[in-house]
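Here the structure is laid out as structure tokens; the discussion comes afterwards.
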Amino acid sequence: MTGRRPDAAGRAALALYRGAPWEARVHVHVRWWSAPFRRLVQLLPEAGPVLEIGCGHGLFSAYAALTGPGRRVVGVDIDADKIAAGATAAARVPNLELSVAPDGAVPAGPWTAVAVVDVLYLLPAEAQRHLLEAAAAQVAPGGRLVVKEMGDRPAWKVRWNRWQETLSVRVLRITAGSGTFTFVPPDVVAGWLRDAGLTVTATRLDAGRVHPHHVLVAERPAAG
Ligand SMILES: C[S@@+](CC[C@H](N)C(=O)[O-])C[C@H]1O[C@@H](n2cnc3c(N)ncnc32)[C@H](O)[C@@H]1O
């Protein structure tokens with residue numbers, strides 16, 4: 001259960017949604033318990049402009065803003081309903097802004113960090129690569145792209161994740177998407193990021209969890 005229980009900033013982030021519709025409140029609590037946000041937030045620089053692409057209701061963006069007052073966090077998503085549900089939360093955090101990304105466009109940087117958390121699998125492989133290349137182009141020299149997805153092992157966690165995603169996208173429809181998932185192996189995604197000129201470190205985050213969580217940290221060399 002390491003790192004699952006919300007810390008003080010996690011509790012504060014979840015509390016921001018108290019006035020939100022019940023579906024949004026349930027969703028953000030499920031996201032907290034299923035995703036390793038406490039590990040991920042530590043991968044962000046302590047200060048500077050941070051973009052989250054595909055922020056959903058904005059829980060991770062809010063957590064990043066609350067844990068780093070020196071960060072200016074912008075979260076974008078294609079789902080206008082989720083952004084609307086997160087708007088009240090965002091209004092209470094001065095260094096947080098949530099907005100709709102028309103057609104999934106990547107807002108212009110330079111960003112000290114860009115985070116993409118459990119978004120890519122909803123897109124076809126070519127669109128994933130395109131999104132990451134567009135995101136990488138907006139990372140400042142010395143900055144980083146943090147890509148959290150599901151890994152390709154162990155097999156039982158991969159099967160569990162597919163079942164759960166089928167339930168949330170196709171049956172419950174709580175995540176926007178075509179209903180097909182494309183889990184590209186982390187090694188392949190790391191290759192795309194290296195081709196984009198970044199230095200990549202891969203880490204499994206699935207210890208003690210039923211999902212095969214995995215993160216790539218892709219750094220742009222500092223200028224000069
Ligand atoms: C599983 S949710 C993850 C939300 C959030 N990152 C989190 O960790 O709680 C995936 C989100 O990606 C969004 N999404 C899918 N394709 C996108 C795109 N091209 N640009 C921006 N957001 C996108 C969906 O609307 C959805 O809110």
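Just so it is clear, none of the values below were taken in a lab; they were calculated from the coordinates. As the structure is a computational prediction, the values presented were derived from the model and not from experiment. Neighbour counts are summed over all protein chains in view; Cβ atoms, including those assigned to glycine, are modelled from backbone coordinates with ideal geometry.
Restricting region 60-115 to residues that are touching a Lys or Arg at 6+ places or on another chain (Cβ under 7 Å) and within 15 Å of the ligand (Cβ to nearest atom), the residue that is farthest from P21 (Cα to Cα) is A113. Sub-7 Å Cβ pairs linking a first residue in region 188-203 that is closer than 10 Å to R129 by Cα to a second residue that is part of a helix (DSSP H, G or I) and of a type in the set (K, R), at least 6 apart or interchain, are W192/R129, ordered by first then second residue. When region 125-168 is filtered for residues that are under 17 Å from the mean Cα position of the chain (by Cα), assigned to a helix (DSSP H, G or I) and not small (G, A, S), the ones remaining, listed by number, are Q128, R129, H130, L131, L132, E133, N161, E165. Residue count for region 56-78, restricted to those that are more than 14 Å from the chain's Cα centre (by Cα) and either assigned to a loop (DSSP other than H, G, I, E, B) or of a type in the set (A, V, I, L, M) (or both): 4. Consider region 15-34 and keep the residues that are out of contact with any Leu (no Cβ under 9 Å at 6 or more places or on another chain) and crowded, with 16+ Cβ neighbours inside 10 Å. The one that is farthest from L216 (Cα to Cα) is A20.
Among the residues making up region 44-55, a single one is part of a strand (DSSP E or B), of a type outside the set (A, V, I, L, M) and within 7 Å of the ligand (Cβ to nearest atom): E52.
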